[in-house]
Structures are given as C-alpha cells and as structure tokens.
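The values are calculated or read from the model by the stated rules, or taken from the named source; none is laboratory data. For clarity, every value in this text was computed on a predicted model and none was experimentally measured. Cβ placement follows ideal geometry from the backbone for every residue including glycine, while neighbour counts extend to all protein chains displayed. Keep in mind that these areas ignore ligands, DNA and RNA; they rest on the heavy atoms of the full protein, side chains included. Shrake-Rupley method; radii C 1.70, N 1.55, O 1.52, S 1.80 Å.
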Amino acid sequence: MLKLNEMKRLGFLALTAVMLFAPEASARIMLVNGAGATFPYPIYSKWFSEYAKRDGSINFNYQSIGSGGGIKQLQAGTVDFGASDAPMKESEMADAKGKVFHFPSVMGGVVVTYNLPGAPKLNFSQANLSAIFMGKIKRWNNPMLAKDNPGVNLPDQPIAVVHRSDGSGTTYVFTDFLSNISKEWKSKVGTGKSVNWPVGLGGKGNEGVTGLVKQTPYSIGYVELGYATENKLPYGRVESKEGQFVDCTAQTVSRAAAGAVASMPEDFRVSIVNSPGADAYPIATFTWLLVYEKQESREVGQAIIDFLHWALTDGQAYAERLGYAPLPAEVVQMEKRAIAKIQLP
Amino acid sequence: MPRSSSLNWQDRLFRWACLGFALLILGLVAALAVELAWSSRLALRAFGFSFLWTQVWDPVREVFGALPFIYGTLVTSAIALLIAVPFGLGTAIFLAELAPPRISEIIGFLVELLAAIPSVIYGLVGLFVVVPWVRSVASPSVDAVLGWLPVFQGSPYGVGIFTAGLILAVMIVPFVTTVSREVLLTVPRSQREAALALGATHWETIWTTILPYARSGIIGSIFLALARALGETMAVTMVVGNRPEIHPSIFDPGYTMAAVLANEFAEATSNLYLGALIEIGLVLFGITIVVNGVARLLLYRLHDTSAVHV
C-alpha cells in the first residue's frame, strides 16, 4: 500500500518536472497557427512537416476545420493565417481585423466519376453535364450523351446523381462551373459550398460520394482529382471553353490557371472555372492561404513570408504526387510581388 | 455534543454539495436552451414558426425550412423502435428468464459490445452491406407485395429512410436489451413462484407476471433508446441519402436534423445560415424534451393503473 503511494508520488513529481521544463523547451520553437480548408490539408501537412525539417525553429500548426471556420478564426484573430477553398466575400473581408491577402497555394481539379458497366471513358459536353445535374437528362442512353460518346454502349437506365452532402470547397467549384456554363443553373441553383440540389443523393465527404457511386449502379458524381486517382475511379473528359474534351490531369488543371493569368486580379480572388485555353480543364480551382496585410508580430510575419516563398517554389514539387496541380510560373511571379507587400511591425 | 454538531456540519455540507450539483445540471440545460435560442435569433426572426413546416432548404438563397429534417428524424427513429423493441425485449427476456447462465453471460456481453462499436463503423457497414441488400432484395420484394401502398413503393437507390431506420435499430438494441434485462432480473423470485404455483406456464408467467412488474423499467429503456436514435448523426448521414425532401415511401432518400447539422455546420459562413442550423439544433432539443416528457407521463400513468390493479 505504501509502495503504491510512493509510486504515485514519484509519478506526480515526474509530471511536475515535465510541466516545469516543457515551456522552456517550447520557447525556442515558434508556433505559427493556421486553420481552414480541408481540401488542401494533405499537401499542407506535407509542406509543414517538410518545412520543419529545413527550419526546426518554426512549427506550423494547421487545423483543417473547414474554410468557413478558418475565415471565422482569422476574423477573430485567433490564428496567424487562414485557408479557404473559396475566396472571401466582401462582407467577410469587412468583418476582418484588417486587409486580408489571398495567396493561391496550389490548384485542384474536380472530376466527374460514374458507375457504368465496363467503366468506359466518357465525354461530357458542358450542356450535357449541366442537364444531368439539373435533372433534365434522366437516362444514360439519351441521344445527347450518345452523340458525344460514339462507340460507347450507353445503357437504357436512369441516371442516379450523387453530390456532396457536407459543405465543401469541392461543391463550391463544381457549382461555380455549372453556374458559369448554364444560365438556368445560375438562376435556379447558384454557386455555394452547399446548394439546393435539383436531383440526387448526398454523400458525406469524398469518401461518402465515392461510396454511393460505387454502391449505386448507373450513378454519377463528382470528387477531387486526387481522390479519384488514388481510388482508381473512372472519370470522364469535360468539354473546355473552346469546345475540346479535356481529360483532368495536373497539367490540364495548371493550364486553367495559365489561361486565367491575363485576367488575374491583383488580389487573386478569382474563379478559374471554364477558363480559356484549348486544353485547360474547365473544373479547376485555386485554394488560398489567407494572411493579414499588417502582421502583428515581426517573427510570425517573417516566418509566414519565408514559408510562402518556399511553398510557392520548392513546395510545388509535392503537388502532383498528392493529387493537386502546381501553380503556373506566371502566377508564382505575381504572388511573389504580392508577398512583398506584407507589412511587418 | 461536539461530535453530533460536527456530524451536522458534514451532513449539511453534503446536502448543499449535492443540491449544488443538481442545480448545476438544471442550469446547464437552461443555459443550453437559452444559448440555442439566442444563437438562432436571426433565423427565428426571419422565418418565425414557418421554419417548422416549410420544406425548402436553400443555402445559396438563404431560404430555410426544417420540415424534411423533422420528418426524417421522427420517421427513422420510429422505424428503428418498431424493429428494435421486439428484438431487444425478446433478447432481454431470453437472457434473464430462459437462457442458461453461461450462455446468457456470453450473449449479454456480445449485446453490450454492440453499443461500444463506433457509429461510423455502423455507417460503413450500412453503406457497403445493408444498402445493396435493401436495393436488390428488401425494396423490390416489399414493393412486389405491398407496392400498392405509397409507403412501401420501391426505390432504385438503397439509401433512404428505411435503411437509416434499420441501422439505427441495430444501434439501439443494446440499450433496450441491457436495461430491460437488468430490470427483469430485479423482479422478485416470489412473484415468479406465485405465478407458477397458480399453475401458469413459463410463457404465462413471463407475460402476465414478470413483464407487467418490470413494465416501467422496460419503457424507460425504450425511451433511452429513442433518445439515442433521435440524436444519432454519423451512421444516419451515411445511409439516409441526405435529400431534404419528404417522399411518401420509406425506401426513398430523406434527411435528419442531426445529419444536416453534421454536414453543413463546418462550412456555414453567413449568419442567417448558421442561425438556421442552430435553430434546427433548438428544434431537436425541443423534440427530445417532448419525447422525454411523454415518457415521464406514460410512466406516471402506468404507475397509477398498476396501483389500481393491485
């Protein structure tokens, strides 16, 4: 009995020692906190761990709580940087503590996946894609679909549409694309992280959509490129702005940004869906890191600046492997000029 | 004299401490209600009571109505109870009255294990095993026999209200079984012996003596299970279809209150949208209170009637 008590006391002492000395150890490592989008989380966590290997004195801590949460925390000033899959709205910018810079960090594509016997590679014209998700094209053997897919035996079966049920950047990009190509979609449904879908079932997360598509014969849904390639899902080519059927790869997604360079606004708050360029994949997006123009702490601000420079150059090498697309060089050049505008106290 | 006063002092401390804890719980519930109402004030003001019976849920245009979610929550929970109560109660009777002690122990352990499985596992099993079964077996065969009733019309999806109810049923069976078994075990031996002595068969003893004696405890277990079903989130959202519409058939996709909160809360940015989601939480809170209230009422009534009979 006594022994047990003694052991408890020893344990308590050890715990006290740890608690006393721990702050000492962590004081030398600076913590930079960020929160936001889940879509870029795999590459961000890779970046932060690789960056920590280069510079052990800085530790980036990123919570993937969702873009909405990231924006809220940035507004409240509880994080040093935010991250979002959709650019902040004017009203959200107004609620922030100061001017917020948007830095595109990496790009992503959204693919249209389906469950058909034999998993043929399909072509989707813009009109057909919006009609399917609008509920206007109801069967796979619709002549409009058959016209774009000569030689493919499309079954005489109803199309089961699957979409994301959780609010997500993926849905934002996909509905942004549909709003861009279809007036009817824009007026009846619109663009958002969650929308009032005219038809279809909802699956939670990429894995939920994938599960439903795999489980439901003759279904169609949309997921991120990286998720589709990782899980070997079939996905179709989508008609580009210039009328070609473009497959989704890291290159064609990057080209969507290159096509948008001419019209790139200074704050990078831009949609790059359906951007010009023959082989620019039309359902593509940036994901953004959100940083205050006026930094409160010199050390943290400098750490963020250094990290941004690294992520936009060396960091881009990790993009393709993780299912993202690297930023085109033109965009990186523009961003470097913007990074120089971050003010340190 | 000094000793008794010190006892008094300890007694009083104990009494006040316990009262404090009880009040703390009460305060917590009240604070929860106030916080929910306050956080949803924008939606309360914008939609008023029509929030409860309109069916459009459009985050882009910020038009919100909760009826499809309320409907989905109530119907999935009702289906779950319809399936889980006979199974759970039957198992409890078997474990408490019929099974040899050793087997009873093993099965009891397995049933309790069901309660320990994380709900996301139930969701995955639902999605990959139950959904295909409902789509290819349950829905078409029910449709073939009862399809003339709109409620049982088949649907090509497999996900939907019925599938969610089925998964929920498996999840809440342990609540019914475990609590009911404990209650059945507390029925005094003299009650059984009296019934048997009067010439009742084993079945008659259970049906006329043991079950009525344990009635209030069993009903308590059912309401505990119902509360669990009303609030279940993860497993339901994976198999319910997440479609905010009301269809007549139980095989069609639907949505529940807990599921829409889990799905949309993280990415809801506008204040009205957040308010509408929190108001759904408020409605769910209200429904839970009503359900618990009804449970209490039922228990009181049962106690009264049994008192009259005795």
*Solvent accessible area, Å² - A:ASP166, 1.4 Å probe, full protein context*: 20
*Quick one: of A:LYS147/A:LYS241; A:LYS72/A:LYS341; A:LYS183/A:LYS214; A:LYS99/A:LYS204; A:LYS99/A:LYS186, which pairs are farther than 27 Å apart, Cα to Cα?*
A:LYS183/A:LYS214; A:LYS99/A:LYS204; A:LYS99/A:LYS186
*What residues qualify as long-range amide H neighbours of A:ARG164, i.e. H under 5 Å apart, gap of 5 or more or another chain, H built at 1.01 Å from N?*
A:GLY203
_I'd like the accessible area for A:ARG255: 1.4 Å probe, protein heavy atoms, all chains in place, Å² to the nearest 10._
100
*Give the long-range amide H neighbours of A:PHE60: residues separated by 5 or more places, or on another chain, with amide H under 5 Å away, using H modelled in the peptide plane at 1.01 Å from N.*
A:VAL32
*Specify the residue with the greatest mean-square fluctuation among A:ALA260, A:ALA52, A:ALA278, computed from a Gaussian network of chain A linking alpha-carbon atoms under 10 Å apart.*
A:ALA52
_Give the B-A buried accessible area in Å², both sides summed, 1.4 Å probe, nearest 100._
2400
*Can you check what the net charge comes to around A:LYS136, using other residues whose Cβ is under 14 Å from the Cβ of A:LYS136 (Lys, Arg +1; Asp, Glu -1)?*
+3
*Within segment A:231-254, whose backbone N sits under 19 Å from a point 7 Å along Cα→Cβ of B:PHE128?*
A:231-234
*What share of the DSSP beta bridges in the protein assembly as shown is antiparallel, in percent to the nearest 5?*
60
*Taking springs between alpha-carbon atoms closer than 10 angstrom, which of B:THR73, B:THR177, B:THR186 fluctuates most in the Gaussian network model of chain B?*
B:THR186
*asked:* If I model a spin label at B:LEU23 and B:ARG102 as a point 7 Å from the Cα along the Cα→Cβ vector, what separation in nanometres do I get?
replied: 5.6
_Local electrostatic count at B:ALA43 - Lys and Arg +1, Asp and Glu -1, tallied over other residues with Cβ under 15 Å_ = -2
*With springs only between Cα atoms under 10 Å apart, run a GNM on chain B and tell me which of B:LEU89, B:LEU166, B:LEU113 wobbles the most.*
B:LEU113
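In deg cm²/dmol, rounded to 500, what helix-only [θ] at 222 nm does chain B give when every DSSP H run of at least 4 residues adds -39500 (n - 2.57) and the total is split over its residues?
It lands at -23000 deg cm²/dmol.
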*asked:* Under a crude label model (7 Å from the Cα following the beta-carbon direction), how far is B:LEU299 from A:THR229 in nanometres?
replied: 5.9
*Just round it to a whole percent: the fraction of Cα-Cα distances in the protein assembly as shown exceeding 41 Å.*
42
*Just tell me which aspartates and glutamates come within less than 15 Å, Cα to Cα, of A:LYS97; anything on the same chain fewer than 8 places away is out.*
A:ASP80, A:GLU293, A:GLU296
_segment B:96-200: chymotrypsin sites (Phe, Trp or Tyr not before Pro) falling in loop per DSSP and having at most 16 other Cβ within 10 Å_ = B:TRP148
*Count charges around A:TYR114 for me, please; just the other residues with Cβ under 13 Å from its Cβ, Lys/Arg as +1, Asp/Glu as -1.*
+3
*Can you give the % of DSSP beta bridges in segment A:109-261 that are antiparallel, to the nearest 5?*
55
